[in-house]
Every structure is written in C-alpha cells, then in structure tokens.
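Trainee: Structure provided below as structure tokens; questions to follow.
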Amino acid sequence: MTKSFQQAFNALKEHTCLSYAKIATMGGLCNVDHIIVKATAPNGSPLSDKYVHQLLRLFAISPPCCRAFSLGFARRLGKTRSWRVALKCLLLLHRLLRSSPEDSLFRTELLINRSNGSISLYPCNFRDVSSSDPESFTAFIRSYARLVDEISNEDNHRRRPGPSNKSLEEIGRVLEVLEQIQSLIDRVIECKPTGVTARNFLIQTAMKHITRDSFVCYTVFKNDIVFLLENMFQMPTYRCCISAFDVYRKAALQADRLYEFYQWCKLMGVCGCYEYPFVDRIPLLQIQALESFINGMWEIKDDNGDHQSPSSSSLSSTAEKVGDEGEEERQPLIKLNDDDDDSWEDILEASVVNFSSHGSDEKDEWRIQVYNPFDGKYVSSDPNYPWGH
C-alpha cells in the first residue's frame with residue numbers, strides 16, 4: 001500500500017509541475033526552469049530536439065541563462081523520484097555538453113555548481129519509486145549519471161587535432177587523452193541496461209546517444225594509439241614507456257568487453273549495424289612478448305649507460321626496490337602463470353631478432369617487430385628499420 005501511495009503521489013507531483021510550466025509558458029512567463037520542466041515531462045515521449053535548440057539559443061544571447069540552467073537542472077534532478085524525469089534530465093545535459101565548445105560559459109557554470117555540491121552526478125543519490133522494477137531503473141540512471149559526469153570533465157575530442165610530433169609534451173598529452181577515453185569507454189559499457197530496462201523505449205533512445213558517443217571516442221582512440229605504438233620504443237624515460245604499455249595492455253583487455261557490448265547493442269537494435277566501428281582485438285601473446293621485450297630493452301640500455309633506470313626483474317613475482325636517489329620502484333607488468341609451458345624466451349622467439357653491430361665491439365642490440373592491428377602494419381624498435389610491411 002505504501003509503495004502504491006508513493007507512486008501515485010510522485011505522479012501527481014510531476015504532472016502538477018508540468019502543468020504549471022505549460023500555463024506559465026502560455027502566459028508569456030517562459031524561462032529556463034519552465035523549459036527544463038517541459039523537456040523532462042514524466043511521459044513515454046523521447047526528449048524533443050526543440051528544447052535542446054531553444055536552450056542553446058538562450059545560452060548564446062543571454063549568458064546568465066547558463067547559471068539559471070545549472071541551478072534549475074540541479075533542482076529538477078535532485079527532487080525527482082521518477083526515472084523518466086531523471087533520464088530526460090541526464091540526456092538533456094548530455095546533448096548540451098556535446099553541442100557546447102570546451103571553453104563555453106555553460107561548461108564553466110556547470111563545473112562551478114559541481115564543485116560547490118549543487119549538482120551531484122557521481123555519486124548520484126537518485127532512487128526510483130515510479131516503476132515496477134525500481135532497482136533496475138535506479139542502477140541505469142546512476143550509471144548514466146556517472147558517464148555524464150566524466151563527459152563534463154573531459155576534453156572535447158571532436159575538435160582536437162591529431163598528434164604531429166614526437167616531443168615529450170606531445171606524448172604526455174596523448175597518454176592523458178587515451179586514459180580519459182578508456183575511462184569513458186568503461187563508463188559506456190557500465191550503462192548496459194539489465195532486466196526490464198533493456199527493452200524500454202526511452203532507455204533504448206538514450207542508449208543510441210550513449211553508443212554513438214562511444215563511436216567517436218573509439219575512433220579517436222584508434223588514431224592516437226597508433227601514434228603511441230609507433231613511438232613506444234623511442235620513449236625518453238622508463239616511466240613514459242611503462243605508461244604507454246599500460247594503455248596498450250588495457251586496450252587489449254577493453255577491446256573484448258567493447259566487442260561484446262557492441263554485439264549486444266546490435267542484437268537490441270541500438271543504432272544501425274553500419275554505424276559500428278570495427279573493434280581491433282590485440283592478442284594476449286603479443287602483450288606478453290612486448291612486456292618482456294621492454295624489460296630486456298631497458299636492461300641493455302642500462303648496461304650501455306645510455307639511461308639511468310632500475311635493473312629489470314623480467315617477469316619475476318617480486319618487485320625490486322632501488323635506492324632513495326630519485327629512482328623508481330619497478331614491478332612486473334604481467335605475471336605469467338606458473339603452469340605455462342612456454343617461457344618468456346619462447347614467447348619472444350617469433351618477435352625478437354638478435355643482431356650484432358658490424359665491425360664494433362659494442363654489445364648486441366635487440367630489434368622487435370610488433371604488429372599494430374589498428375593500421376595493419378609492423379612497428380620496429382629500430383628507428384632505421386623500415387617497418388611498413
């Protein structure tokens with residue numbers, strides 16, 4: 001009885017709020033709050049494009065409307081207990097963020113209200129009381145809110161030019177962007193609805209925007225990781241090399257989850273099959289070989305005195321600590337199972353070529369050709385070696 005009363009009271013409150021906004025609009029008293037209420041009506045209709053365009057026009061001609069929207073959005077999302085209203089609020093904010101420049105006043109006002117606690121997207125305290133399966137709808141709204149929260153913090157990847165040089169600053173920037181995109185892709189995968197929410201029309205409408213957003217992120221990710229892989233063997237420091245390898249290793253693990261997510265979306269009819277990008281899979285054997293080669297490469301450089309970095313323990317299970325004179329702690333990146341039949345030397349046999357310098361007393365150097373699945377080429381550790389097979 002209590003649950004039925006809560007649902008009826010919540011429905012009455014939402015419809016009363018919507019009726020007031022309509023009456024105010026007819027009387028010529030339309031403002032940002034009324035637009036938000038009408039755009040997030042608690043019905044089964046999807047979010048109308050006209051409200052998005054109307055708000056964008058208001059932001060352009062009247063900058064104070066940006067602050068009014070932030071406050072109105074916080075009130076609307078914070079007070080509602082209807083998953084339909086909460087979903088439309090998040091979708092409205094999502095679309096406005098994607099339509100606004102990175103340095104816009106709208107984003108600035110949003111960050112201010114998030115920093116002072118007026119808007120709380122993560123953690124999100126929303127709880128649904130309007131449906132027969134409140135747990136499933138609550139879980140989806142909270143996952144979507146976390147995704148929108150990260151989108152409000154990220155750089156605008158759509159307008160960012162690609163990498164053009166191999167400077168340390170450029171490599172560091174690419175690493176930062178790739179880590180952001182990988183985090184966004186994780187949030188997208190977490191938005192996969194379960195239970196009755198999977199076949200709900202409004203949820204599927206939101207999933208189309210979420211999935212299409214991931215298409216853009218993954219396309220940028222594939223372009224930047226090619227640049228990263230091409231420069232992995234010319235990294236100036238061990239820390240940069242390890243950071244690049246961590247991104248590449250996570251890309252291999254994340255690709256399997258993203259592929260399964262896209263297959264589910266295709267099965268549910270989310271977006272057209274022609275819209276989905278091809279998900280490049282990275283074999284685990286290649287990750288193991290690359291990790292072992294990086295350890296060996298820095299061992300050789302240490303012996304030659306080219307770089308000062310701690311000696312590698314290869315794939316040992318115990319991390320090796322070094323002194324207090326600015327050196328780092330190094331740990332094995334991947335630990336192979338003890339029951340594996342192949343040693344790391346066997347893994348490298350197909351990838352590492354040991355060659356000696358002609359007419360020189362220097363130590364042998366290594367060269368490795370790593371297949372890059374993102375552009376179908378081989379990347380060599382020797383900058384003088386032609387790798388574009």
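Trainee: I'd like the full set of residues that are closer than 16 Å to Leu93 by Cβ and touching a residue at least 24 places away in the same chain (Cβ under 8 Å), limited to the range 42-53. Can you show your working first?
Mentor: Looking only at the range 42-53, we keep the residues that are closer than 16 Å to Leu93 by Cβ, and these are 46-49, 51-53.
Selection gives Pro46, Leu47, Tyr51, Val52.
Trainee: Moving on. Within the range 237-245, can one find any residue that is more than 19 Å from the chain's Cα centre (by Cα), open to solvent by 20 Å² or more (accessible area, probe 1.4 Å), over 21 Å from Asn295 (Cβ atoms) and not assigned by the TED database to the domain that holds Pro42?
Mentor: no
Trainee: Now a separate question. Test each condition in (1) more than 30 Å from Ser132 (Cβ to Cβ); (2) assigned to a loop (DSSP other than H, G, I, E, B); (3) at pLDDT 90 or above; (4) not aromatic (Phe, Trp, Tyr) for His53 and report the one that comes out false.
Mentor: (2)
Trainee: Could you please find all residues in the range 101-147 being crowded, with 18+ Cβ neighbours inside 10 Å, within 19 Å of the chain's Cα centre (by Cα) and either assigned to a loop (DSSP other than H, G, I, E, B) or assigned by the TED database to the domain that holds Thr205 (or both)?
Mentor: Matches in the range 101-147: Leu121, Cys124.
Trainee: Kindly evaluate Ser183 against the criterion of being among the polar types (S, T, N, Q), closer than 29 Å to Ile141 by Cα and open to solvent by 10 Å² or more (accessible area, probe 1.4 Å).
Mentor: On the way: among the polar types (S, T, N, Q): yes; closer than 29 Å to Ile141 by Cα: yes; open to solvent by 10 Å² or more (accessible area, probe 1.4 Å): yes.
So Ser183 fits the description; yes.
The values are calculated or read from the model by the stated rules, or taken from the named source; none is laboratory data. On a predicted model such as this, the values are computed, not experimentally measured, just so you know. Note that each Cβ is placed from the backbone with ideal geometry, even for glycine, and that neighbours are counted across all protein chains shown. The accessibility values were calculated without ligands, DNA or RNA, using every heavy atom of the protein model including side chains. Shrake-Rupley method; radii C 1.70, N 1.55, O 1.52, S 1.80 Å.
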